[in-house]
Amino acid sequence: MKKLLILGAGTGGTMMLNKFHKALDPMEWEITIVDHIETHFYQPGFLFIPFGIYKEEDVIRPKRDFFPKNVNVIMEEIDKIVPKENKVYLKEGTELIYDYLIIATGSEIAPEETEGLKGDLWYNCIFDFYTIEGAMNLAWFFEKWEGGKLVINITEFPIKCPVAPLEFAFLADWYFTEKKMRDKVEIHFVTPLSSAFTKEKCAEVMADYLTEKNIKTTVDFSTGRVDNENKKIISWDEMEVPFDCLVTVPTNKGNSCIERSGMGDELNFIPTDKYTLQSKDYENIFVIGDATDLPSSKAGSVVHFQSEVLFENIMSLINGKEMKAKFDGHANCFIESGFGKALLIDFNYETEPLKGSYPLPVIGPFKLLQETRMNHFGKLLFKWTYWNLLLKGRELPVSNEMTMTGKQIDEEKE
Amino acid sequence: MATIDLLGKQIEVDADGNLVNLDDWNEDIAKEIARTEGIPELTDRHWLVINFMRKEFIEKGDGPTVRRLTKESGVGTKELYALFPKGPAKKAARIGGIPKPKGCV
């Protein structure tokens, strides 16, 4: 029996499990998936929890509900991978061997990387919204909060879902407006980038929204430490921003098992070929999603587009054929802008987010880089798509390669 | 491709304003770029970082991030920001005549 081993049962791992389970002959192949947490979190939903739009039950399901029958499921923490022996050691002592390995161990927040962040004020008036605990605690805090300085701070890049902190700022503006206390809340967006977002054209649009919504922006701020006593974040070059409530996006790192395996970069992300998704160091190891060091966004849509490429390439390798599928860096993100509206952006390694319609020209129904109600419904509907189609590895009616169809080339630059 | 005037020479730069050709770079050019970036004088500590950036770029095809600089160059984060205010990796790359590191999004 040949062995396919998948590490991590999040979005990427679960999708790959379903795809290979359908494609590989069970008489020839044994498929195993390893994870140590039974709950699957719909991570895009965390954003809505602090504002009472989603409850905990909207974003959690048992992981096992999405696994096919006849696969080995091991719920145990990973100790380390030893690629030279084609072996994975688990914390409880289990030893697994593989012919092919897919690493889908994701990324997680590491607040301990910043001095004073996880201090006395943690979950008192400092919160993250990238974990269920952070999002829930923030929801309870907001319910009773009487207002003050709300600071949204990105510690350093890369982060999971680079648009989420902006969406958070927009939703906060809406939430406090609805509560008739917007005048009591000063919203301040603080980023290490030189503009509001990683992509230039979109950054301009976002900067306009921030101004329009009376959200103060500070750029080029690299957070060095948090002063708990005086409630300030302080940059490496000694700029200070005071807060009453700090919503932090801490440093993101790959899983610690990658560090123990000596396979990652300084943030535990794995050097991966940006087109084939094969590990740069080992032919029989592939990496998907947030665990990679790719210059694409760390987001569920990216994992979805990567999954097709990864599947084709591993199948080619198994069948002794040349790997032809290439990932183009495609990402597709809804950006909630508050008041029941959203924007949609679609881009890849080479092309910036442009205006237009998606997925079909003119008809859409979604508008790119423009604020519409339909985009907002798209974002909410995506939760259903995620639970019912995406995780199970079913085909979605969108192309995994980015297309220029429906996009408008910038007229000013023409 | 855009060019800029440095020490009386027209030198090619990319969209970020960083030098296109490694060979166009020398220490005098570096000092001149540093001045335009608001760094009047390059000390030994500046050079340590700049030379590390160039070495990494030549070996790996990409400049290091601040995190990697802190870990590998022997200069701590705090000092890096004091030497190259606002964006150590971005600024040291420009002064060192290499493209903006991909990690600096």
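The values are calculated or read from the model by the stated rules, or taken from the named source; none is laboratory data. Source: prediction; values computed, not measured. Positions of Cβ are backbone-derived with ideal geometry, glycine not excepted, and every protein chain shown enters the neighbour counts. Calculation scope for accessible area: heavy atoms of the full protein, side chains included, ligands and nucleic acids excluded. Shrake-Rupley method; radii C 1.70, N 1.55, O 1.52, S 1.80 Å.
Between the alpha-carbon centers of segment B:55-69 and segment A:74-113, tell me the distance in whole angstrom. Computed from Cα coordinates, the inter-centre distance equals 28 Å. Entry note, chain B: the mean residue ellipticity at 222 nm calculated from DSSP H runs of n ≥ 4, each adding -39500 (n - 2.57), is -13500 deg cm²/dmol after division by the residues and rounding to the nearest 500. In chain A, the longest principal axis of the Cα atoms and the axis of helix A:373-385 are about 40 degrees apart.
Provide the percentage of antiparallel DSSP beta bridges, counting only those with both residues in the protein assembly as shown; round to the nearest 5.
On the way: 43 of 81 bridges.
Roughly 55 percent of the beta bridges in the protein assembly as shown run antiparallel, per DSSP.
Probing with 1.4 Å while keeping every protein chain in the model, the per residue accessible area of segment A:265-370 equals 36 Å². For segment A:111-252, the solvent-accessible area of protein heavy atoms averages 40 Å² per residue (probe radius 1.4 Å; ligands and nucleic acids excluded).
Our summary gives segment B:50-101 a relative contact order of 43 percent, counting only alpha carbon pairs under 8 angstrom and 6 or more residues apart. Residues of segment A:231-277 that become at least 10 Å² less accessible with every protein chain present than in their own chain isolated, using 1.4 Å: which are they? Residues of segment A:231-277 that lose at least 10 Å² of accessible area once the other chains are added: A:TRP236, A:ASP237, A:GLU238, A:MET239, A:GLU266, A:LEU267.
If you bin all the Cα-Cα distances of chain A at 20 Å, starting from zero, the percentages per bin are 26, 57, 17, 0. What's the carbon and sulfur percent of segment A:75-139's accessible surface, probe 1.4 angstrom, rounded to a whole number? For segment A:75-139, the apolar C and S fraction of the accessible surface comes to 40 percent.
A Gaussian network model of chain A, with springs between Cα atoms under 10 Å, assigns the largest mean-square fluctuation among A:ALA196, A:ALA135, A:ALA325 to A:ALA325. For the set B:HIS46, A:HIS21, solvent exposure ranked by accessible area (probe 1.4 Å, protein chains only) runs largest to smallest as A:HIS21, B:HIS46.
Segment A:THR385..A:GLU229, full-extension length gain: 51.6 nm, with 0.36 nm per residue of separation and the alpha-carbon distance subtracted.
Between B and A, buried accessible area from a 1.4 angstrom probe totals roughly 1300 Å², ignoring ligands, DNA and RNA. Computing Rg and the Kirkwood Rh from the Cα coordinates of segment A:17-144 gives a ratio, Rg/Rh, of 1.07. As a calculated quantity, the FRET efficiency between A:GLU57 and B:THR43 at R0 = 60 Å, using C-beta atoms, amounts to about 0.55. In chain B, one over the average inverse separation of all distinct C-alpha pairs is 13.5 Å, which is the Kirkwood hydrodynamic radius. Among B:GLY74, B:ASN21, B:GLY63, whose Cα projects farthest towards the positive end of the dipole of chain B, with charges put on the beta-carbon of Lys, Arg (+1) and Asp, Glu (-1)? Going by the charge dipole, the pick is B:GLY74.
Net charge within 15 Å of A:ASP128 by Cβ-Cβ distance, Lys/Arg positive one each and Asp/Glu negative one each, not counting A:ASP128 itself? Local charge sum for A:ASP128: -3. Grab the beta carbon distance between B:ALA15 and A:MET404, set R0 = 25 Å, and tell me the FRET efficiency rounded to 0.05. Approximately 0.75, to the nearest 0.05.
Compared with the dominant principal axis of the Cα atoms in chain A, helix A:164-178 is inclined by about 40°. Ignoring aspartates and glutamates fewer than eight residues from A:LYS298 along the same chain, the ones with Cα atoms less than 15 angstrom from its Cα are A:GLU108, A:GLU156, A:ASP290, A:ASP328, A:ASP346. The orientation-averaged projected area of the convex hull spanned by the Cα atoms of segment A:1-45 comes to 3.5 nm². For the set A:LYS2/B:LYS60; A:LYS274/B:LYS55; A:LYS253/A:LYS355; A:LYS22/A:LYS80; A:LYS149/A:LYS180, the pairs lying more than 25 angstrom apart at their alpha carbons are A:LYS2/B:LYS60; A:LYS253/A:LYS355; A:LYS22/A:LYS80.
The heavy atoms of A:ARG373 present about 130 square angstrom of accessible area, all protein chains included, probe 1.4 Å.
As a fraction of the 1.4 Å probe accessible area of chain B, surface on carbon and sulfur atoms comes out at 51 percent.
If a/c stays under 1.5 just call it rounded; otherwise compare a/b with b/c (prolate if a/b is bigger, oblate if not). Do that for segment A:331-408, with a ≥ b ≥ c from the square roots of the Cα gyration tensor eigenvalues. The shape class here is oblate. Going by the alpha-carbon gyration tensor, a ≥ b ≥ c the square roots of its eigenvalues, is segment A:111-252 rounded (a/c under 1.5) or, if a/c is not under 1.5, prolate (a/b greater than b/c) versus oblate? Cα axes put segment A:111-252 in the rounded bin. Largest GNM mean-square fluctuation across A:ASP58, A:ASP183, A:ASP273, computed for chain A with C-alpha springs under 10 Å, falls on A:ASP183.
With 0.36 nm allotted per residue and the present C-alpha distance subtracted, the A:GLU352-A:GLU146 stretch has 70.2 nm of extension available.
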